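Participant: First the structure, then my questions, so here it is.
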């Protein structure tokens, strides 16, 4: 082993206490598990088959809130990072927008990058580990130039926002 870096201290284990798995409070038990929905079930039956715990309960509450908002003609904005785009959920998101389930989307810059790459080349999501060390990560020329041109045009013409500028540029592509 190499020399210990100065300022580092060994972890203090004195406060740890063993407990019994049988006596410990737990958030999840087998009784909470999902029950698989029958083949060709409805979406409601699928949702009802999910457990009422943790992220599954969050999904259930979110779905209910969206349904209520749509029923009451309220605005529903999907706030998201880039992962839904890079894992191929665009058709589902577009479907939700076209059917009035979503009023709009708010996303980060990485979302625009993936969206532009899919629109321009039909592919996205590079191997970070393979490209980071070489300085090539995030450096696709076409992506950068396209977004830059859209932003410059929007700025020059004083049009609305980055998303609209890039979206309109993609429609003209």
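Read the figures in this text as sums done on the coordinates, not as results from a lab. On a predicted model such as this, the values are computed, not experimentally measured, just so you know. Heads up, the Cβs are rebuilt from the backbone with ideal geometry, glycines too, and the neighbour counts pull from every protein chain shown.
Participant: Can you tell me which of 51, 36, 91 moves the most in a GNM of the chain? Springs connect C-alpha atoms under 10 Å apart.
Facilitator: Its mean-square fluctuation being the largest, the pick is 36.
Participant: As a check on your grasp of the helix formula, calculate [θ] at 222 nm for the chain: sum -39500 (n - 2.57) over DSSP H runs of n ≥ 4, divide by the residue count, round to the nearest 500.
Facilitator: On the way: 8 runs with 84 residues, N = 173.
So the calculated ellipticity at 222 nm is -14500 deg cm²/dmol.
Participant: Right, here's the next one. Go through (i) 288; (ii) 194; (iii) 107 and flag the label whose value is the computed volume of the Cα convex hull per residue in Å³ for this structure.
Facilitator: Of the labelled values, this structure produces (i).
Participant: Now for a different question. Please compute the contact order of the chain in relative form: average sequence separation of alpha-carbon pairs under 8 Å and at least six residues apart, divided by the residue count, as a percent. Don't skip to the answer; put the middle values down first.
Facilitator: On the way: 106 pairs, mean separation 21.2, N = 173.
Over the chain, the number comes to 12 percent.
Participant: If you take the beta carbon distance between residue 128 and residue 162 as r and set R0 to 30 Å, what does 1/(1 + (r/R0)^6) give as a FRET efficiency, to the nearest 0.05?
Facilitator: Numbers: r = 24 Å, r/R0 = 0.79.
E between residue 128 and residue 162, to the nearest 0.05, is 0.80.
Participant: With each label point set 7 Å from Cα along the Cα-Cβ vector, what nm distance links residue 52 and residue 108?
Facilitator: In this crude label model, residue 52 to residue 108 measures out at 3.5 nm.
Participant: Between residue 39 and residue 97, what is 0.36 nm times their sequence separation minus the Cα-Cα distance? Round to one decimal in nm. Please report the intermediate quantities before stating the final value.
Facilitator: Numbers: separation 58, 0.36 × 58 = 20.88 nm, distance 2.74 nm.
Once the chain is fully extended between residue 39 and residue 97, it gains 18.1 nm.
Participant: Just 13, 54, 21 to compare: in a GNM of the chain, with alpha carbon springs under 10 Å, which one fluctuates most?
Facilitator: Maximum fluctuation in the GNM of the chain, among the listed residues, is at 13.
Participant: Could you please state, rounded to a whole Å, how far the C-alpha centre of the stretch 16-95 is from the C-alpha centre of the stretch 106-130?
Facilitator: Cα centres, the stretch 16-95 to the stretch 106-130: 26 Å.
Participant: If you build the convex hull over the alpha carbons only and average its shadow over all orientations, what do you get for the stretch 66-136? Give it in nm² to one decimal. All intermediate terms of the calculation are to be shown ahead of the outcome.
Facilitator: On the way: hull surface 21.9 nm².
About 5.5 nm², averaged over all directions.
Participant: If you don't mind, there's one more thing I want to ask. What's the extension gain from residue 120 to residue 75 if we count 0.36 nm per residue and subtract their Cα-Cα distance? List each step's numbers first, then the result.
Facilitator: Working: separation 45, 0.36 × 45 = 16.20 nm, distance 3.04 nm.
Stretched fully, the residue 120-residue 75 segment lengthens by 13.2 nm.
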